[in-house]
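Asker: Quick one: this structure, given as structure tokens, is what I'll be asking you about.
Just so it is clear, none of the values below were taken in a lab; they were calculated from the coordinates. A quick note: this is a predicted structure, and the numbers were derived from the prediction, not measured. Heads up, the Cβs are rebuilt from the backbone with ideal geometry, glycines too, and the neighbour counts pull from every protein chain shown.
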Amino acid sequence: MSAKAKVLLVDDDRDLVETLRTVLEKAGYEVDAAYDGAQCVETVKAEPPDLIVLDIMMRTMGDGMYVAQHLRQDEATSSIPIIVVSGINRVPPYSLWPDEAWLPVDVFLEKPVEPDRLLDAVRTALEDG
């Protein structure tokens with residue numbers, strides 16, 4: 001039997017983290033959590049996950065965006081798939097989508113995200129990664 005893929009959930013909404021943790025664990029993933037960008041970077045450096053599910057708006061409006069940029073610039077973490085789950089595009093005048101310079105992530109999902117949609121994105125990102 002192969003080892004479970006490890007997913008790091010990063011969001012300052014602890015209720016959402018616990019909801020997504022339940023969904024992912026029921027699907028067979030090992031799940032860890034971080035509640036802001038700095039904690040995410042520390043966790044990734046200490047014990048790299050197989051995939052990161054990342055919010056954009058945490059302590060600061062672009063916290064997750066800067067985390068994604070930082071992780072992509074570091075050779076040790078640049079290949080970890082990142083899925084953004086965010087409601088930032090509902091906050092005028094913001095409109096973010098994945099691109100190499102500003103938001104270097106693999107997938108962008110809008111909040112609220114359906115569990116099946118998240119699981120499909122996680123499966124696909126892990127297979128492609």
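Asker: If we count every other residue with Cβ under 12 angstrom of LEU16's Cβ, Lys/Arg +1 and Asp/Glu -1, where does the sum land?
Answerer: That works out to -3.
Asker: Ok, one more. Restricting to the chain, compute how many DSSP beta bridges are antiparallel as a %, nearest 5. Please list the in-between numbers first.
Answerer: Numbers: 1 of 17 bridges.
For the chain, the DSSP antiparallel bridge percentage is about 5.
Asker: If I take every Cα pair under 8 Å that is 6 or more residues apart in the chain, average their sequence separation and divide by the length, what percent do I get for the relative contact order?
Answerer: 22
Asker: Could you work out the local net charge near GLU47, counting Lys and Arg as +1, Asp and Glu as -1, over the other residues with Cβ closer than 9 Å to its Cβ?
Answerer: Once all neighbours under 9 Å are counted, the net charge is +1.
Asker: Would you compute, from DSSP H runs of 4+ residues alone, the mean residue ellipticity of the chain at 222 nm, taking -39500 (n - 2.57) per run and dividing by the full residue count, rounded to the nearest 500?
Answerer: One gets -11500 deg cm²/dmol as the mean residue ellipticity at 222 nm.
Asker: Rounded if a/c is under 1.5, else prolate if a/b is larger than b/c, else oblate: which is segment 6-128, with a ≥ b ≥ c the root eigenvalues of its Cα gyration tensor?
Answerer: Verdict is rounded for segment 6-128.
Asker: Assign unit charges at the C-beta atoms only (+1 for Lys and Arg, -1 for Asp and Glu), then state the dipole size of the chain relative to its Cα centre in Debye, rounded to the nearest 20.
Answerer: 120
Asker: Go through LYS4/LYS111; LYS45/LYS111; LYS6/LYS45 and tell me which ones have a Cα-Cα distance over 20 Å in this structure.
Answerer: The pairs that break the limit, which is 20 Å between Cα atoms, are LYS4/LYS111; LYS45/LYS111.
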